[in-house]
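First comes the structure, then the notes that go with it.
What follows draws every value from the coordinates through simple rules; no lab data is involved. Everything numeric in this text was worked out from a predicted model, so none of it was measured. Methodologically, a virtual Cβ is constructed for each residue, glycine included, from the backbone with ideal geometry; neighbour enumeration extends over all protein chains shown.
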């Protein structure tokens, strides 16, 4: 049995960043950029007005009350004319329009009074050169790097990519992940199980955890505790980049996964980790596929994925940071511990008066799938016989949104 840090290291050493592919802009959400992205032109491409009002020469308005002749209008999307702004002239301008040649300031419409009959406008403030104007290249210059490899594409990045004309986006290929559930006691969730059976919640939870990482996993179904059938299903699973197997990794007479993967050519990295929950976790490699056998109890499966598998998948997808974010929190309630293994306690994390507070949630054991919905984080503690009292500082790893109050 190895320690958590060593198990993580062995897995991460086996993970390789996958090759780049190109996808359409709208498909890039949640993916990781594989190459630099540069601005294809100055942004903005010319000096533009940030206000509706009048483009003027600041030197023509030395004091509020100057009257200027209206020489035309510029709208957003209108190409500039051949002429520019002359002495004593103003041009009506709308937000986003190019500033006419010769103008060096924009006076907002609220600070002007137009005389339509006379074709003139009174400017009721003394403008400063450059006011209410976005200068050409102010946001980015042509050739300037906008985004770097390893950047996760969120909505903001989609906006930036669109602004520089990237209809096709270079991203790292997400891994092909196969899921196999094992055990004669496991049935599909549509079934009404007998007392000796359980519904296959693990496969659906893993598919959801994968989707949260931007990966569409493939469920290969339930393999029975029968060597030939199990070998056929696991063999299909090993054709991907990652195989996740739930159940069958302990040391019982019907825990056949380890031996079956061995017959299929898997070399073992480790089998059993000093962690609670999830001690029997198995990991190895078969050709190009990294195989991880997860314990069958739902909380163990969920936790082992979050702690050991998710960082590996992030690395394969090109993330700059593969590990989950860890924060320091204070306990809101007493936390019982057990000696011997690093423990990932389910907890509800919130922010109270500017600090993280973690409340351990009620959990009846690693088979208690319902306890997961009460939690949004793990509190991580070394194995120990004594309890931690409320107010103690602990490490916490959030895995979904938390609340402020």
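At a glance:
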{"read-out": "Label-point gap, in nm, between residue 16 and residue 374 - each point 7 angstrom along Cα→Cβ", "value": "4.5 nm"}
{"read-out": "Contact order normalised by residue count of the chain, Cα under 8 Å, 6+ apart, percent", "value": "16 percent"}
{"read-out": "Segments 118-124, 155-161, 288-294 sorted - mean Cβ within 10 Å per residue, highest first", "value": "288-294, 118-124, 155-161"}
{"read-out": "The chain: calculated mean residue ellipticity at 222 nm from DSSP helix runs of at least 4, using -39500 (n - 2.57)", "value": "-4500 deg cm²/dmol"}
{"read-out": "Cut-off 11 Å (backbone N to label point 7 Å along Cα→Cβ of residue 25), residues of the stretch 151-177", "value": "158-169"}
{"read-out": "Relative contact order for the stretch 222-266, counting Cα pairs under 8 Å that sit 6 or more residues apart, in percent", "value": "39 percent"}
{"read-out": "Length added when fully stretched, residue 229-residue 41, from 0.36 nm per residue minus Cα-Cα", "value": "61.8 nm"}
{"read-out": "Cα centroid separation - the stretch 14-82 against the stretch 199-261, whole Å", "value": "51 Å"}
{"read-out": "Identified option (computed volume of the Cα convex hull per residue in Å³; candidates (i) 229; (ii) 196; (iii) 214)", "value": "(ii)"}
{"read-out": "Distance between the stretch 383-400 and the stretch 294-345 - C-alpha centres, whole angstrom", "value": "13 Å"}
{"read-out": "Length-normalised contact order for the stretch 1-119 - Cα pairs under 8 Å, 6+ apart - percent", "value": "29 percent"}
{"read-out": "Peptides ranked, highest mean first, by Cβ atoms within 10 Å: ranges 203-212, 296-305", "value": "296-305, 203-212"}
{"read-out": "Beta bridges per DSSP with both ends in the chain, % antiparallel, nearest 5", "value": "70 percent"}
